[in-house]
Structures are given as structure tokens and as C-alpha cells.
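Engineer: One structure is given below, represented as C-alpha cells, and several questions about it will come after.
The values are calculated or read from the model by the stated rules, or taken from the named source; none is laboratory data. Note that the structure is predicted; figures quoted are calculated from it, not measured. FYI the Cβ positions are ideal-geometry reconstructions off the backbone, even for glycines, and counts take in every protein chain you see.
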RNA sequence: GGUCUCAUAGUUCAACGGAUAGAACACCAGUUUGCGGAACUGGCGAUCCAGGUUCGAUUCCUGGUGAGACCA
């Protein structure tokens with residue numbers, strides 16, 4: 001609808017100025033289908049907004065095939081569309097918009113440690129990573145989802161040492177535990193034992209050195225335990241609908257930064273400090289002087305990340321590289337991006353850190369050492385079990401395997417929607433009761449709206465491909481929903497540009513609310529005339545396809561029944 | 001101590017610098033012959049404080065207050 005108006009104004013008014021008109025929805029209390037405003041344009045051509053509004057109104061009034069009538073309210077020009085054209089646009093609107101064609105986007109998310117299972121913090125990370133990568137993909141980009149595995153270091157040795165000392169050759173199979181949970185036990189065990197015997201710290205150091213030197217036994221334990229953890233993580237990823245293109249392991253990369261450090265030194269981008277450490281001076285960016293390589297030649301996270309980023313550039317030649325990492329690492333990424341840019345490994349414009357606030361519990365921050373971590377698998381099990389109870393009471397005739405599958409779909413909808421409905425920048429206080437709610441502004445509410453539409457479409461017995469709808473029979477009842485449907489494209493674009501899926505979440509919620517409200521007041525299958533029924537069925541189908549597409553981007557499926 | 005982020009109904013969250021700040025939960029009052037009530041309708045109720053920029057500020061700037069993160 002917007003493009004029709006702009007095209008018309010370009011031809012019949014002023015091509016340059018037409019592009020600068022701003023569009024907005026009409027507030028509840030005002031009348032009209034779409035509002036135009038001219039604040040930006042007014043500034044530029046130094047005319048009063050009202051004057052421009054009147055001018056544009058005069059032009060648009062001549063086009064009575066699109067515009068039924070207009071009214072000026074203050075600086076706004078409100079348009080009333082001709083029903084048939086408006087609904088034709090709605091019914092023919094696409095759900096596929098390609099704005100990112102030929103663009104390659106690398107998105108890093110998850111970033112697990114191999115000493116314990118995934119937790120609630122990862123779930124927020126995953127929700128964002130899933131949504132952002134799907135969003136880019138939906139808009140036509142070539143998306144590479146990548147993972148970085150933190151599989152070495154002191155914290156990894158902790159679970160290894162505990163296993164070596166207290167494990168007695170136990171295995172996940174014997175314990176009947178998910179393999180990553182089995183490993184996690186030993187991490188907790190270490191912390192308990194350490195409280196009794198602080199000398200364990202020395203043993204950790206010894207083990208770390210042994211690992212570095214390639215000690216056979218230590219490496220064997222390391223390999224075994226990492227395999228357990230990673231295969232456990234893999235199951236969780238699959239359950240959440242995540243598949244990575246490639247994983248980068250810290251153990252492969254932690255030494256490879258020194259080469260880059262030497263290069264930087266040659267190019268005079270890095271400096272050698274009197275104590276032998278290699279540093280970069282970022283004081284002019286307000287970031288201090290940072291050590292890139294320690295005096296003893298060991299690298300730090302920064303160096304390693306430089307090497308990994310450089311490898312990803314070789315692997316994928318991305319147009320953009322997005323890191324989904326908690327905002328406690330804001331500073332790290334500023335430094336990393338400055339280094340990559342100065343070394344000409346990756347231009348700053350290509351790099352983006354999608355930071356997000358921590359997930360707090362009502363009683364404070366999660367601490368794995370203190371056992372206050374909300375485990376991802378356990379939370380998912382809990383959600384799934386609650387959903388299953390509901391399904392069993394509502395759909396007792398379904399096979400149990402189907403019921404379970406639907407429970408999983410509802411479980412995924414619940415946590416993804418919950419964690420995406422807060423803007424990434426803000427921290428979230430995790431309220432267990434709300435996170436498992438299925439009523440109100442929740443993922444399951446949206447799924448439910450979808451299920452009902454599908455149920456109607458299935459009962460209609462009309463082959464929608466064959467009949468052509470008469471869009472002119474649709475009217476005021478469908479207007480608000482129609483306008484919302486037309487806003488889908490802008491919403492996706494806005495979410496993409498701001499790298500904030502919350503815009504899509506809000507949109508889908510409003511869409512479903514409009515639908516539910518419309519649906520309860522207007523019968524589709526029992527519409528007054530056959531013609532109206534057919535038009536409404538098409539309308540419902542359009543509504544469904546938007547819902548399905550939008551939820552799909554959030555990683556949420558609409559179940560068959562629920 | 002320095003840097004960054006956040007502050008909106010009782011609670012959890014929305015709001016490209018634009019019309020009377022929008023939802024959900026909770027609370028109160030309703031929807032029986034329904035295409036699926038995990039739903040719908042109505043009510044109650046909010047921009048931390050003080051300045052500034054602007055025709056217009058929840059949004060931008062400055063200074064406070066409070067919370068969190070990071071760097072020494």
C-alpha cells in the first residue's frame with residue numbers, strides 16, 4: 001500500500017520529496033487506515049508540515065481508485081483506502097522479502113565450556129542466535145552459524161582432576177546420566193573438595209602444565225570428558241533446533257595468535273613493552289593500552305580471538321560477522337574489533353557484537369560454583385512435562401508419541417518467546433512461574449492462534465487455489481488486521497537493522513491479538529455470504545502464513561494440535 | 001577510582017524524536033447455544049530527580065540518585 005502511494009506521488013507530485021514522507025499507523029482515537037507525516041520533509045524544504053499535508057492531500061484526492069477519502073488532523077494526513085485495492089494488497093502481499101541477497105553472515109553463538117552442561121544463560125544466547133540467524137536467512141542472506149568451544153584451561157582441568165581423583169572409572173552409562181551432566185558433577189565436586197583442601201589448586205596447575213606438554217594420560221582424560229560434554233551439548237542443541245556450520249575449538253587456536261602478534265609488531269600496530277609483552281595502544285579510542293601477547297609468549301583470549309576471526313574470514317569471507325556474547329564482554333569486543341580493523345584483517349563495519357544482559361535469578365546472579373545455576377535440560381524437561389499434562393487433557397486421543405512431540409514444540413515456544421520478549425541490552429530477572437506460563441503474552445498463545453486458524457482452514461473444504469476471492473467484500477472488521485499484515489516487511493527490516501528480534505516478537509503478539517479479537521467477533525465459516533466466506537478464508541490463510549513465517553524466524557513451530 | 005549499560009502501571013516487559021505512552025500478569029466485572037475458552041470484552045493503574053536542545057523528549061545532551069557489568 002505504501003509503495004502504491006509513493007509511486008503515485010512520485011509521478012504526480014514530486015519524485016524526491018515523495019521518498020521522504022513518513023508513514024505511521026493511525027492511533028486508535030483517530031480515523032483512517034494509514035497516516036502520513038512530513039516532519040522530516042518540512043525541515044528540509046522549510047515549509048510547514050500542515051502546508052505540505054494539504055498539498056499532498058490535493059494530489060492524492062485525485063486518485064480515487066486507491067484513496068477513498070482523506071482527512072487532515074494537525075500535521076498528519078490520514079488516508080482511507082478503497083476497500084478492494086487495500087485488501088487486494090493484503091491478500092497478495094508476500095511473506096518473502098529479499099533484502100540481504102548475496103550477503104554472507106557469520107553468526108557466532110553459544111560458546112560453551114566443556115566442563116559442564118548448558119544453563120539458562122546459554123538459553124538467552126541461543127534464543128538470540130537462533131532468531132538473528134533465521135532472520136538474516138529469511139531475508140535472503142547466506143548464514144553461517146558457528147560455535148566457539150572453550151575446551152581448555154583451568155576450569156576444564158577442575159572437572160578432570162575431580163574425575164581422576166574421585167571418579168573411580170565411573171561412566172555416564174553406569175550413572176544413567178546425560179553425558180554432559182555427568183561431567184558437570186565433577187566440576188561441582190572439585191569446588192566442594194577445594195573448600196576442604198586448598199592445595200588442590202597446585203594439582204590443577206600441575207595438570208594444566210601436563211596438558212600443555214601433551215601428557216598422554218591427561219590428554220586421554222581430557223579427550224574422554226570433552227567428548228562426553230560435547231555429545232551432551234549436541235543433544236541439547238538438537239532439541240532446541242540448533243545446527244552449527246562449524247565449531248572452532250579453543251585448544252586448536254590458543255597458540256596461533258602469536259603469529260598475528262608478530263605481524264602486528266612488524267606493521268608497527270603493536271608495540272613491544274620494556275618487559276617484553278606485546279601491546280596495542282588504544283588510548284585514543286578510550287580503551288587503554290592492552291596486552292596482546294604476554295612476555296612469556298603465552299597468549300590471552302584476545303590473541304586467540306584474533307586468530308579465530310582471521311580464520312573465519314578465510315573460511316567464509318563474510319560481509320558481516322556477528323558475535324552473540326553476553327555484554328559483560330563489551331570491552332573485550334571493542335578491543336578485539338579495534339585490533340582486527342587496524343591489522344586490516346576485518347574492517348570494523350563488518351563486525352558486530354550483539355551483547356545481551358545477564359539472566360538473574362530472583363535471589364541474584366547465577367553462580368555455578370554455588371549450585372544456583374538453572375540447568376537448560378532440566379528447565380526444558382520441566383516445561384515439556386507441564387505442556388504434556390495440558391495436551392493429554394485436551395487431546396486424550398492422540399498417540400503418546402505425538403503428544404510428547406507437541407509438548408516439545410510448546411516447550412520451545414515458551415522459553416524462546418519469553419527470553420526474546422525483553423530487549424537484548426536489558427538484563428532479565430528469571431521468574432520461573434512466568435517463564436512456564438502458557439497464557440497471555442506467551443509463545444504458546446501465538447501457537448494456539450495458529451492452530452485455530454489451521455483448524456478453520458481444514459474444515460472449510462474449499463480449495464483456495466481455485467477460487468478467486470472478491471477482496472471488496474472485506475471491510476472495517478478486517479482493516480486493522482490487514483494493516484498489520486502489510487507492516488510485516490517493515491518489522492523484519494527493523495528487527496534486522498537494529499539486530500533486535502524483540503521488534504518481531506512484539507509484532508507477532510499484536511498480530512495474534514488482533515486476530516483473536518477479530519476471530520471471536522466475526523465468523524469465517526458461517527459468514528453471511530459464500531463470497532465473504534471465501535474472502536475471509538483467504539484472509540485467514542494470509543494471516544497464518546505471516547504467523548508461521550514470523551514464528552519460524554524465532555525458532556518456534558506451530559503444532560498440528562494443542 | 002575509571003569506562004559502559006539500565007531505570008516506564010503493584011509486577012514483568014513494549015514504544016524509528018511525533019497524535020491521548022502499548023501489552024501481559026495480578027486485581028475487579030463480564031462473555032453459555034462457539035469456526036478449539038491455552039480464548040474474548042470492559043475496568044483499575046506508570047515515564048527516577050533537576051536542568052538543557054527541539055515546533056514536539058520515555059527517546060538526544062548535562063548533572064544527580066539507584067541497580068548491574070567491565071577495567072585497574
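Engineer: For the stretch A:287-320: of the residues being within 11 Å of RNA strand B (Cβ to nearest atom) and not in a strand (DSSP E or B), which is surrounded by the most Cβ atoms within 10 Å (Cβ to Cβ)? Walk me through how you get there before you give the answer.
Structural biologist: Going through the stretch A:287-320, the residues within 11 Å of RNA strand B (Cβ to nearest atom) turn out to be A:287-291, A:300-302.
Now restrict to residues that are not in a strand (DSSP E or B): A:287-288, A:300-302.
On the way: A:287: 14, A:288: 12, A:300: 14, A:301: 16, A:302: 19.
Filtering first and then ranking leaves A:302.
Engineer: Answer yes if at least one residue in the stretch A:276-286 is under 26 Å from residue A:151 (Cα atoms), in the same structural domain as residue A:136 (by TED's automatic domain parsing) and in a loop (DSSP other than H, G, I, E, B), and no otherwise.
Structural biologist: Checked the stretch A:276-286: no residue is under 26 Å from residue A:151 (Cα atoms), in the same structural domain as residue A:136 (by TED's automatic domain parsing) and in a loop (DSSP other than H, G, I, E, B).
Engineer: Then there's this: Spot the failing condition for residue A:517; the list is (1) under 19 Å from residue A:87 (Cβ atoms); (2) within 11 Å of RNA strand B (Cβ to nearest atom); (3) touching a helix residue (DSSP H, G or I) at 6+ places or on another chain (Cβ under 7 Å), and only one is missed.
Structural biologist: (3)
Engineer: Do we find that residue A:553 is in contact with a helix residue (DSSP H, G or I) (Cβ under 8 Å, 6 or more places away or on another chain), more than 9 Å from RNA strand B (Cβ to nearest atom), touching a residue at least 24 places away in the same chain (Cβ under 8 Å) and more than 22 Å from residue A:89 (Cβ to Cβ) in this structure? It would help to see each step written out before you state the result.
Structural biologist: Values: in contact with a helix residue (DSSP H, G or I) (Cβ under 8 Å, 6 or more places away or on another chain): yes; more than 9 Å from RNA strand B (Cβ to nearest atom): yes; touching a residue at least 24 places away in the same chain (Cβ under 8 Å): yes; more than 22 Å from residue A:89 (Cβ to Cβ): yes.
In short, yes.
This table checks each residue for (1) within 10 Å of RNA strand B (Cβ to nearest atom); (2) on the phi < 0 side of the Ramachandran plot; (3) at pLDDT 90 or above.
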site: A:366; (1), (2), (3): no, yes, no
site: A:376; (1), (2), (3): no, yes, yes
site: A:381; (1), (2), (3): no, yes, yes
site: A:413; (1), (2), (3): yes, yes, yes
site: A:427; (1), (2), (3): yes, yes, yes
site: A:432; (1), (2), (3): no, yes, no
site: A:438; (1), (2), (3): yes, yes, yes
site: A:443; (1), (2), (3): yes, yes, yes
site: A:453; (1), (2), (3): yes, yes, yes
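Engineer: For the list (1) free of Cβ contacts under 8 Å to residues at least 12 places away in the same chain; (2) within 14 Å of RNA strand B (Cβ to nearest atom); (3) in a helix (DSSP H, G or I), I need the number of the one condition that residue A:56 fails.
Structural biologist: (1)
Engineer: Another question, if that's okay. Collect the residues in the stretch A:8-26 that are closer than 20 Å to residue A:488 by Cβ and surrounded by fewer than 18 Cβ atoms within 10 Å (Cβ to Cβ), keeping them in residue-number order.
Structural biologist: If the condition is that a residue be closer than 20 Å to residue A:488 by Cβ and surrounded by fewer than 18 Cβ atoms within 10 Å (Cβ to Cβ), then A:22, A:23, A:24, A:25 are the ones that fit.
Engineer: State whether the residues of the stretch A:61-79 include one that is part of a helix (DSSP H, G or I), outside the structural domain of residue A:471 (by TED's automatic domain parsing) and away from RNA strand B (no atom under 11 Å from the Cβ).
Structural biologist: yes
Engineer: Select, from A:323, A:249, the only residue that is more than 16 Å from RNA strand B (Cβ to nearest atom), modelled with pLDDT of 95 or more and either exposed (fewer than 15 other Cβ atoms within 10 Å of the Cβ) or at negative phi (or both).
Structural biologist: Just a single option satisfies the conditions, and that option is A:249.
Engineer: Please find, within the stretch A:455-482, the residue that is modelled with the lowest pLDDT out of those that are out of contact with any helix residue (DSSP H, G or I) (no Cβ under 7 Å at 6 or more places or on another chain) and within 12 Å of RNA strand B (Cβ to nearest atom). Quick ask: steps written out before the conclusion?
Structural biologist: Looking only at the stretch A:455-482, we keep the residues that are out of contact with any helix residue (DSSP H, G or I) (no Cβ under 7 Å at 6 or more places or on another chain), and these are A:455, A:458-459, A:461, A:463, A:465-466, A:468, A:476, A:479.
This time we only want the ones that are within 12 Å of RNA strand B (Cβ to nearest atom), so: A:455, A:458-459, A:461.
Values: A:455: 94, A:458: 93, A:459: 92, A:461: 80.
Among those residues, the one meeting the criterion is A:461.
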